[in-house]
Amino acid sequence: MTELLTAVSIGAGNGSVYALLALGFVIIYKAMSVISFAQPAFMLSGAVLVSHLSPRMGFVAAVVVGTIAIAVVALVVERVAVRPMVGKAVFVIAIITIGIDIVVRVVAGAFVGVDPRTIGDPWGLDVTTIGGVQVQHRHIAAFVVTGLVVALLFAFFRFTRMGLAMRATALDQEAAMAQGVDVGRVFAVSWALAGALAAIAGVFASAGNPIDQNLWIIALTALPVIILGGLDSLGGAVLGGLVIGIVQAVVSTYHSTWFPFLDTNSGAIVPYVLMLLVLLVRPQGLFGTKEVERV
Amino acid sequence: MRRSVRRLGVLAAVTTLVLAGCGRDDGGSEAEGEATLGTGVTSEPCPDAVDESKGCIYLGIISDLTGVFAGVGVPLTDGGQAFWKRVNEEGGIGDYEVDVTTYVKDNKYDPDTHAEVFAEINDEVLLIAQSLGTIATEAMLRDNDADELLVLPATLGSNWLFEDRVLEIGTSYCAEGMNAVDYGVDELGADKVAAVHFPGDYGDDTAVGARIAAEARGADFTDITTGPGADQQTAAVAEVLKSEADIVVVATGPLELAAVVGGAVSQGFQGKFVGAIPTWNAALLQSPAAPAIEASYLWASSFPGYDADTPGHEAMREAAGDAPANEYFAMGWSGGYILKALLEEAVESGDLTRGGLLEIASSMSGDIESEGMLPDGSGNYAGDPNEAAVRVTQLFTPAADTDAGVEPMGDIFTGPTAEGHDFTEACYLQK
């Protein structure tokens, strides 16, 4: 039982990272109906930037500055590379985001350097024992901070004019425009938010471990998360992230017992198996909006 | 196999000499005075020549300069370049200086890129002074345009013992795995052994060595295959804990090592970890896993440490100047001694062609002057694989207060398993 609960705590920590990433995907999708594949690059950029800033200004300040900086980078990217493409086929814009991802990753990777880097987080590999279960501080921090970020996001969408504009745009872009909503501004804020969320995710993905330029691969797990949770559901992104994180950690822990015939880590395929299972039952994901087409 | 290739080498050398007598041949050889110059050798000075009156021998380097193993490839390359700079400043090799800077290519640890950049430099270099990546190097050796090309690999798979055109140096991962287990059994009383490793030549070679030793010493063995990525080590950590191993042999990259050691120790694991050469990076001592690594990790290498007290290390440290101390820099420097001995003999014989070098390499019996930098038994390419195999291991402990981050622990040794092992094929094929 202790082993299972330890796995759950690890999964909650990892799942929080997935949730943050997935929220960024969903926010952009709701605004533009496009899946942005640039999230992995923003995640890597955030972690690398914090690793450089942390020794100079301390970890907390580095995270704040790094998050704002990556939000600005995402804003600029949207304005320069994505905005001119608005109106083109969604597929075209999605491909452009792949290009953005590669460019940003290459640039960020150049700042990783030859040796692994660390972000200077205060948690390291410290653990706290709760009811006999060893829980790592970095996982607690990831879970708590994700909870706070999600609460702030929901408050933003619920109580601010921009949040209202974003919700209106997500519902019906043309109607929102007719009501005076600056849709271009909504796009820009969506990208900035997604960039900031990816940067925070990068920080927690790097906590406790040295990093290299392959850190971005973690962000790929957010893709099955958003499919599982529902492409246009913020709540689905959070829940999907946690579910996939926890199931993945549990399967990884019991990997050799359950799948002794498999030579490699079966945990890596868990997100995709879960996604397939959910899609078989609910094609729109757990909380996604069912698509209705008039014929 | 070695004999047949040696014959091929002799045939190639004779053919080259005959053709050289007629001036420049189709293979790019030319007679220069009494010497026969092959691909990558010119009577013109090197671009950055110390002595403009000397000719130039171009050696190629294909390494990972920007990819996941850049932490290995960059200092290896720097070390090799520093070695040849010193050689050139001390008069070069006969009437030649050696250039290892013009044809340096980044393979990004990608076999396709490796093949592309090799094609770019194949007609420009005499041999490959560093090739990083086992699969990519294997593919390069099979290239039809490289049938006499000698390669110094930057990997230590036991497969190189069976390749005649490869100038392997150091103890193979396989023998290193055996020595790690023998150390655990003899010094720690280990009766449970585990191996955490990447799939493929490097990881499997180490794990098979560990398994062979565990079986020979009557210890339980747990095989744990894991993938790349620090975030992907949950299963490996769980397996290590379940194994209750007294000693865990690790053959991953540095990130995975940090995640496995840090993760297991933080959950109360009491055993010792011994990592293969590629697991180490001094930057790990700045990572959150540093306390666990300092307490529970040993690094296995067959090379003396950067801080070793030998004439070669002294010269290397002087050449390195203010550059941070780095064990891979020392290994890059060390490999130069093999090539220097080879080229000196080639210059003396008057045959500076690939075929000529192959012939000479096939007769090298390990008597290499390395100023104390190469492991005993290095540079024996004349004998069969068991004679050629280097089997010694030096264990190092992490030491944050040293320049290179590690310091030797005890004497260099060869365990009973590695000592008596009969290498009949690459260990990783026995997975």
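The values are calculated or read from the model by the stated rules, or taken from the named source; none is laboratory data. The shown structure was predicted, so the numbers you read here are calculated from the model rather than taken from an experiment. Backbone-built Cβ (ideal geometry, glycine too); neighbour counts: all protein chains shown.
Figures for the structure shown
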quantity: Of all residues making up the range B:101-129, the number that are charged (D, E, K, R) and part of a strand (DSSP E or B); calculated: 2
quantity: Complete set of residues in the range B:49-96 that are closer than 20 Å to B:E318 by Cβ, over 16 Å from the mean Cα position of the chain (by Cα) and among the acidic types (D, E); calculated: B:E89, B:E90
quantity: Looking only at the range B:130-153, and only at residues there that are farther than 15 Å from B:L342 by Cβ, in a loop (DSSP other than H, G, I, E, B) and under 16 Å from the mean Cα position of the chain (by Cα), the one that is modelled with the highest pLDDT; calculated: B:L132
quantity: Index of the failed condition, A:T221 passing every other in (1) facing another protein chain (nearest Cβ under 8 Å); (2) buried (at least 23 other Cβ atoms within 10 Å of the Cβ); (3) farther than 16 Å from B:V237 by Cα; calculated: (1)
quantity: Index of the failed condition, B:D143 passing every other in (1) under 23 Å from B:M364 (Cα atoms); (2) of a type in the set (D, E, K, R); (3) surrounded by fewer than 24 Cβ atoms within 10 Å (Cβ to Cβ); calculated: (1)
quantity: Members of the range A:180-208 that are of a type outside the set (A, V, I, L, M, F, W, C), more than 14 Å from chain B (Cβ to nearest Cβ) and in contact with a Lys or Arg (Cβ under 7 Å, 6 or more places away or on another chain); calculated: A:G184
quantity: Extreme residue, farthest from A:N214 (Cα to Cα), among residues of the range B:243-262 that are in a helix (DSSP H, G or I) and more than 7 Å from chain A (Cβ to nearest Cβ); calculated: B:S243
quantity: Residue check, A:I70 in contact with a helix residue (DSSP H, G or I) (Cβ under 8 Å, 6 or more places away or on another chain) and touching a residue at least 60 places away in the same chain (Cβ under 8 Å); calculated: yes
quantity: Conditions (1) aromatic (F, W, Y); (2) in contact (Cβ under 8 Å) with a residue 60 or more places away in the chain; (3) surrounded by fewer than 16 Cβ atoms within 10 Å (Cβ to Cβ); number of the one not met by A:F91; calculated: (2)
quantity: Cross-chain or 6+ apart pairs with Cβ under 7 Å, the range B:67-92 first and away from chain A (no Cβ under 14 Å) and assigned to a loop (DSSP other than H, G, I, E, B), then surrounded by fewer than 18 Cβ atoms within 10 Å (Cβ to Cβ) and charged (D, E, K, R); calculated: B:G92/B:D51
quantity: For B:N386: the one exception among (1) of a type in the set (S, T, N, Q); (2) part of a helix (DSSP H, G or I); (3) under 30 Å from B:P254 (Cα atoms); calculated: (3)
quantity: Condition check for B:G157: of a type outside the set (S, T, N, Q), within 24 Å of B:V104 (Cα to Cα) and crowded, with 24+ Cβ neighbours inside 10 Å; calculated: yes
